[in-house]
Each structure stands twice: as structure tokens, then as C-alpha cells.
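In what follows, a structure is listed as C-alpha cells, so that the remarks can point back to it.
The values are calculated or read from the model by the stated rules, or taken from the named source; none is laboratory data. What you are looking at is a predicted structure, and each value in this text was computed from that prediction instead of being measured. With ideal geometry, Cβ positions are generated from the backbone for all residues, glycine too; neighbour counts draw on all protein chains shown.
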Ligand SMILES: NC(=O)c1ccc[n+]([C@@H]2O[C@H](COP(=O)([O-])OP(=O)(O)OC[C@H]3O[C@@H](n4cnc5c(N)ncnc54)[C@H](OP(=O)(O)O)[C@@H]3O)[C@@H](O)[C@H]2O)c1
């Protein structure tokens with residue numbers, strides 16, 4: 001296998017119907033992997049992403065707020081011999097909920113979707129991945145996991161929890177030649193923040209806070225995910241790498 005090629009590998013990218021996940025899934029497909037695109041439910045965007053990838057792509061769905069659906073997804077992959085060697089844990093839900101407007105139900109929803117779903121997927125898929133003695137787990141964290149933003153206190157705490165989970169998974173799976181790393185996006189132009197960034201005044205203020213004075217693209221995040229998935233990243237594990245134009249500083 002060539003150093004940057006992923007032919008013969010299977011990848012699952014959660015939350016790849018759009019945004020960062022879609023860009024990463026398309027890059028992994030272009031590098032030769034068979035890619036499982038994932039969305040919360042069947043839909044036109046998910047179908048379009050799969051179609052854009054061409055032949056070696058499939059769609060899977062599960063609402064990560066529903067933990068039974070997450071478990072069913074893992075069992076479906078095991079049952080169909082589609083356990084990925086490359087697992088990109090990217091899907092998340094996000095709301096502007098802080099300590100000032102704390103909402104227990106909303107926190108549980110975010111925690112289930114962002115953290116517990118990852119625990120379930122890792123718990124069920126890693127034993128199968130270990131058998132192959134080659135694997136990549138890549139988390140999409142957030143700069144908010146390391147840098148506080150009061151309106152994102154609850155979301156940020158789910159991302160901080162993921163970083164600890166990723167480090168532990170890196171430690172436990174290194175002997176099996178499975179690397180586990182986390183990318184930390186800053187402000188990336190996707191559907192998620194399109195509404196907020198459509199306010200020119202807010203967007204200008206935010207750009208000022210970013211040392212590079214611009215927002216990032218899904219492609220820039222996907223470039224790092226694809227590198228971490230490749231053989232060229234074979235000795236990198238337990239890392240947390242910002243893709244944030246310096247916003248983490
Ligand atoms: N954009 C940013 O500025 C930014 C910054 C830091 C970190 N991040 C992180 O980067 C990752 C991707 O963000 P993005 O901006 O690309 O997001 P996005 O454009 O909002 O896309 C979210 C993806 O997650 C899926 N998803 C949403 N709710 C889900 C649920 N309940 N169950 C399963 N899947 C669900 C969506 O599927 P459907 O299409 O089916 O809804 C979609 O594929 C997230 O983990 C986010 O926290 C983003």
C-alpha cells in the first residue's frame with residue numbers, strides 16, 4: 001500500500017452528510033477508502049454526499065441522541081462485516097447553553113450525542129478493529145474544549161470530555177497499532193454557524209479575535225483528518241491539533 005493511499009481500507013465518518021464530515025469523507029474516498037457516510041436520518045444531503053463520492057461509498061444513519069440507535073449502528077456494521085479501520089467521530093449537536101441558562105435535558109442531549117455515542121461506538125468497534133492490527137480513530141473536538149466561551153459552556157464541556165476519552169483510547173490502543181487523535185477546529189464556515197456568521201457585525205468582531213483574521217474551511221479540517229488517517233501519520237497518537245488560525249492561543 002502506498003504511503004498516502006487508503007485503498008483496501010474502510011472508513012466511517014460520523015456526521016458526513018454535510019460540513020467538515022462530508023469534506024473528510026470525500027477526501028478519504030478520493031484516497032481510495034470505502035467510505036460509510038453517516039447522517040442522523042436518511043435524506044437528500046446524505047444521498048448527495050454518497051453520490052459525490054462515486055462507487056465506493058455507502059450511507060448509514062443513526063440519531064446519536066438515541067443511544068439504542070448508536071448501538072444498533074455498531075451492531076449493523078459488525079453484522080455486515082463493515083467494521084471500519086478508520087473511525088472519524090465527527091457528528092455533534094451544539095446549542096448555546098451556558099451556566100446562566102442551564103438546561104439539564106439539553107445537557108443530557110448534547111452529552112449523549114457528543115460523548116456517550118462515541119463511548120458506545122468505541123466500546124463495540126474497537127475489539128473488532130484491534131484484530132486488524134492497524135487502525136485510526138480521529139475525533140473532531142473543538143477549540144471550545146480548551147478555550148472557554150460562556151455561551152458554549154455545556155457544549156465545550158462535552159468537547160473537553162472527548163479529549164480525555166481520546167487520550168485514554170490512544171493509550172489503551174497503541175499496542176494494537178491503532179492511533180487516536182483529536183482535531184480542534186476553530187470557527188469553520190459550515191451550516192452550523194451560517195446563521196450567526198450572516199450577521200456582518202458579529203462576523204467582523206469574531207474575525208478580529210482570530211489571529212489569522214479569517215474563518216476556516218471544512219476542507220482545511222478534512223486535510224488534517226486525511227493526513228491522520230494515512231500511513232504517513234503512523235507514529236502520531238494522543239495528539240490534539242488545532243485547525244483554528246490561532247484562535248486557541
Ligand atoms: N463549524 C465549526 O465552526 C466547528 C467548530 C469547532 C468544532 N466543530 C465540530 O466539528 C464537527 C462537525 O461540525 P460541522 O460544522 O461540520 O457541523 P454541521 O455542518 O452542523 O454538520 C453536522 C453533521 O452532524 C450530523 N448530526 C447532527 N445531529 C446529529 C445527531 N443527533 N445524530 C447524528 N448525527 C448528527 C449531521 O447530520 P444531519 O445532516 O443528518 O443532521 C451532519 O452530518 C462537530 O463535531 C462540531 O462540534 C465545528
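Restricting to the range 176-194, give me the number of residues that are more than 6 Å from the ligand (Cβ to nearest atom), touching a strand residue (DSSP E or B) at 6+ places or on another chain (Cβ under 9 Å) and not in a strand (DSSP E or B). Spell out the reasoning first.
In the first step, residues of the range 176-194 are kept if they are more than 6 Å from the ligand (Cβ to nearest atom); the result is 176-184, 186, 189, 194.
Right, trim to touching a strand residue (DSSP E or B) at 6+ places or on another chain (Cβ under 9 Å) and you get 176-184, 186, 189.
Next, from what is left, pick out any that are not in a strand (DSSP E or B): 176-177, 186, 189.
Matching residues across the range 176-194 total 4.
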Restrict the check to the range 133-140 and report whether at least one residue is closer than 25 Å to residue 78 by Cβ, under 19 Å from the mean Cα position of the chain (by Cα), within 10 Å of the ligand (Cβ to nearest atom) and surrounded by 19 or more Cβ atoms within 10 Å (Cβ to Cβ). yes
Looking at (1) modelled with pLDDT of 95 or more; (2) out of contact with any helix residue (DSSP H, G or I) (no Cβ under 7 Å at 6 or more places or on another chain); (3) more than 22 Å from residue 62 (Cα to Cα), find the lone condition where residue 123 falls short. (3)
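Looking at residue 234, is it over 20 Å from residue 93 (Cβ atoms), touching a strand residue (DSSP E or B) at 6+ places or on another chain (Cβ under 8 Å) and surrounded by fewer than 16 Cβ atoms within 10 Å (Cβ to Cβ)? Even if it seems obvious, please write down each step before you answer.
Details: over 20 Å from residue 93 (Cβ atoms): yes; touching a strand residue (DSSP E or B) at 6+ places or on another chain (Cβ under 8 Å): yes; surrounded by fewer than 16 Cβ atoms within 10 Å (Cβ to Cβ): yes.
Here the answer is yes, as residue 234 does meet what is asked.
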For the subset of the range 22-36 comprising residues that are within 16 Å of the chain's Cα centre (by Cα) and in contact (Cβ under 8 Å) with a residue 40 or more places away in the chain, which member is nearest to residue 81 (Cα to Cα)? 36
Which of the residues spanning the range 54-92 are outside any strand (DSSP E or B), farther than 29 Å from residue 144 by Cα and within 14 Å of the ligand (Cβ to nearest atom)? 72
Are any residues in the range 1-49 in contact with a strand residue (DSSP E or B) (Cβ under 7 Å, 6 or more places away or on another chain), in a helix (DSSP H, G or I) and buried (at least 21 other Cβ atoms within 10 Å of the Cβ), and if so, which ones? 20, 21, 24, 25, 28, 29, 46, 49
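Report yes if residue 147 is outside any helix (DSSP H, G or I) and either more than 14 Å from the ligand (Cβ to nearest atom) or closer than 25 Å to residue 82 by Cα (or both), otherwise no. Full working, then the answer.
On the way: outside any helix (DSSP H, G or I): yes; either more than 14 Å from the ligand (Cβ to nearest atom) or closer than 25 Å to residue 82 by Cα (or both): no.
For residue 147, the condition - outside any helix (DSSP H, G or I) and either more than 14 Å from the ligand (Cβ to nearest atom) or closer than 25 Å to residue 82 by Cα (or both) - is not met.
For the range 149-160, does any single residue satisfy the condition of being over 28 Å from residue 217 (Cβ atoms) and modelled with pLDDT of 95 or more? Don't jump to the end; show me each part of the working.
Within the range 149-160, the first condition is being over 28 Å from residue 217 (Cβ atoms), and the residues that meet it are none.
No, there is no match, as no residue in the range 149-160 is over 28 Å from residue 217 (Cβ atoms) and modelled with pLDDT of 95 or more.
Select from the range 67-88 the residues that are out of contact with any strand residue (DSSP E or B) (no Cβ under 8 Å at 6 or more places or on another chain) and touching a residue at least 24 places away in the same chain (Cβ under 8 Å) and write down the one among them that is surrounded by the fewest Cβ atoms within 10 Å (Cβ to Cβ).
Narrowing the range 67-88 to residues out of contact with any strand residue (DSSP E or B) (no Cβ under 8 Å at 6 or more places or on another chain): 67-72, 74-75, 78-81.
Applying the additional criterion that residues be touching a residue at least 24 places away in the same chain (Cβ under 8 Å) yields 67, 70-71, 74-75, 78.
On the way: 67: 16, 70: 24, 71: 16, 74: 20, 75: 11, 78: 14.
Taking the candidates together, the pick is 75.
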Of the numbered conditions (1) surrounded by 19 or more Cβ atoms within 10 Å (Cβ to Cβ); (2) more than 16 Å from the ligand (Cβ to nearest atom); (3) within 20 Å of residue 22 (Cα to Cα), residue 170 satisfies every one except a single condition; which is it? (3)
Quick one: residue 99 ticks every box in (1) part of a loop (DSSP other than H, G, I, E, B); (2) on the phi < 0 side of the Ramachandran plot; (3) without any contact (Cβ under 8 Å) to a residue 24 or more places away in the chain bar one, so which box is it? (3)
Can you pull out every residue in the range 89-124 that is surrounded by 15 or more Cβ atoms within 10 Å (Cβ to Cβ) and within 30 Å of residue 7 (Cβ to Cβ)? 89, 90, 91, 92, 117, 118, 120, 121, 122, 124
